[in-house]
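Derivation of every value follows stated rules applied to the coordinates shown; laboratory data play no part. As the structure is a computational prediction, the values presented were derived from the model and not from experiment. Backbone-built Cβ (ideal geometry, glycine too); neighbour counts: all protein chains shown.
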Amino acid sequence: MTSINRREFLTGGTLAAAGAAGALITSRVAFAGTGSGDSRFVLVIMRGAVDGLATVPPWGDGDYARVRGELALGAPGSAGGALQLDGLFGLHPKLAFLHDCHAAAELVTFQAVASPYRERSHFDGQDVLENGTTHPHAVQTGWLNRALAALPPSARRGRKEIGVALGQNVPLVMRGPAEVASWSPSHLAALDGDTLQRIQDLYARDPLLSRRLADALAADAMVSGGPQTMRDAGAAMRETGAGTGMQDAAGKPGRYGEIIEAAAGFLRHDDGPRVAVFDTLGWDTHANEGAAQGQLAQRLAALDAGLKALKEQLGPAWRNTAVLLVTEFGRTAAVNGTRGTDHGTATAALLAGGAVRGGRVIADWPGLSQRALYQQRDVAPTLDLRSVLKGVLLEHLGVPARALQETVFPQSASARPVRDLFRV
C-alpha cells in the first residue's frame with residue numbers, strides 16, 4: 001500500500017498541534033479554571049517508555065499493520081481491534097474507560113509527542129521529562145514544583161501545600177522551592193486508639209515529632225475520611241523507597257489502587273491540595289509485549305481501571321479535574337527478536353477529565369513509512385511535550401505565561417503552548 005502523507009490527516013478531525021514548525025491551535029479568549037483555585041490536576045508518569053503505537057494505534061495508517069507485524073491491533077469492530085477515535089487513530093481495546101471519556105468529550109489524545117530528549121536511556125529520559133529543560137541533570141528541581149511556586153495567590157487560597165506527591169518518594173518533578181506534601185501507603189499493622197493516644201502524648205514532648213505526627217494524621221484523615229491509624233501515619237511520614245507499580249500478574253490494581261484512593265481523597269476536599277503526582281512502573285516491554293492480550297494489555301487494563309476509580313471517587317470534583325499521562329519516550333515501530341519493542345522516540349500522551357474539552361486527537365502524524373521514521377526506526381516527533389505541559393499549566397492552573405517561559409521551562413521559546421484544551 002502507498003505511504004500516508006501526514007498532511008492528509010490534518011483535516012477531518014485530526015488537528016495540527018504546536019511543534020518545531022510552530023503550527024498552533026487557535027486560542028480562545030477565556031481560559032477554563034485560570035487562577036480560580038478550584039482546578040484539580042493529576043500528573044501520572046508512566047515509567048519505562050510506553051509503546052505509543054499500542055496505546056494509541058494509528059490503525060488507519062496504511063503502513064501500520066506491515067510495520068507492527070504480530071503486535072498490530074485490528075481495525076475498530078474486529079475481534080480485539082482498536083477502539084475508534086477517528087479515521088486514523090484508536091485506543092488499545094483495554095482502555096474502555098478512556099474511550100468512554102473520549103465519547104463524553106473528556107479526553108484529548110496526543111500522538112507523535114516527545115520531550116527534547118533524543119537518546120534512549122530511561123534514567124536520562126525521565127530526568128528531562130521531570131526537570132523541564134533540554135538536557136538530563138541540568139537542574140535539581142522539577143517543572144511542576146516551579147510552576148506551583150509561580151502560582152498567583154488567588155490559586156492558593158491560603159493553602160500551605162497546594163501539591164502532593166503520592167508514593168514512597170517525592171519525584172524530581174515535584175522537588176523545588178514550593179512546599180509540597182507527600183503520602184505513601186503502608187503495610188504496618190493498625191494500632192488501637194489508646195495506643196495511638198499514648199504515642200501522641202509521647203511525641204508532644206518533641207516539637208518536630210509532634211508536628212510530623214499531626215501532619216501525618218491530618219493527611220490520613222483527608223485520604224480515608226475515616227479513623228486515623230498509626231499505620232497510615234507512619235506511611236505518611238516515610239519519604240524514601242520505590243515508586244508505585246502495577247506488578248500484579250492478573251492486572252489488578254493492588255497498591256496502585258491505594259494511590260488512586262489517596263489522590264481522590266486529597267483532591268476532593270475543598271481545603272486539600274489541588275495538584276497530585278504519582279508514577280506507575282512496568283512499561284519497558286522489551287519481550288513478549290503482546291497485542292490485544294498479554295503483558296502490556298494487562299498493565300493498560302489496570303491503568304484504565306484506576307482512572308475510572310479516580311473519577312468515581314472524586315465525585316463532583318471530577319468536573320474541575322484534568323489528568324495528564326506522560327512517559328519518557330516511545331518504543332520502536334517494528335517488533336524486535338523477542339516479540340517486544342525497544343527504546344524509541346515519539347509516543348502518545350493522554351489528557352482526561354471533566355475540565356477537558358475533549359473528544360479530539362491532536363497530532364501532526366508523520367506516518368510509518370521507512371523514510372518517515374526517525375532514524376529509520378522510531379515514530380518521528382512532531383509535537384513538543386512541553387507545549388502540552390504549558391497549555392495545561394497556563395489554561396487550567398493559571399500559571400503566568402512569563403513564568404512558564406522563564407522559570408518553569410527555560411529556553412523553550414519554540415515550544416509554544418497548545419491552546420484550547422479546556423472548557424470555558
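Okay, here's what the table says:
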quantity	calculated
Matching residues in segment 150-166 - criterion: being surrounded by fewer than 24 Cβ atoms within 10 Å (Cβ to Cβ) and closer than 12 Å to V275 by Cβ	L151, A155, R156, R159, E161, I162
Lone qualifier among G391, G354 - being touching a Phe, Trp or Tyr at 6+ places or on another chain (Cβ under 7 Å) and either within 30 Å of R156 (Cα to Cα) or of a type outside the set (S, T, N, Q) (or both)	G354
Per-region count, segment 44-96, residues in contact with a strand residue (DSSP E or B) (Cβ under 7 Å, 6 or more places away or on another chain) and among the hydroxyl-bearing types (S, T, Y)	1
Those residues of segment 264-282 which are among the small types (G, A, S), crowded, with 24+ Cβ neighbours inside 10 Å and not in a helix (DSSP H, G or I), in sequence order	A276
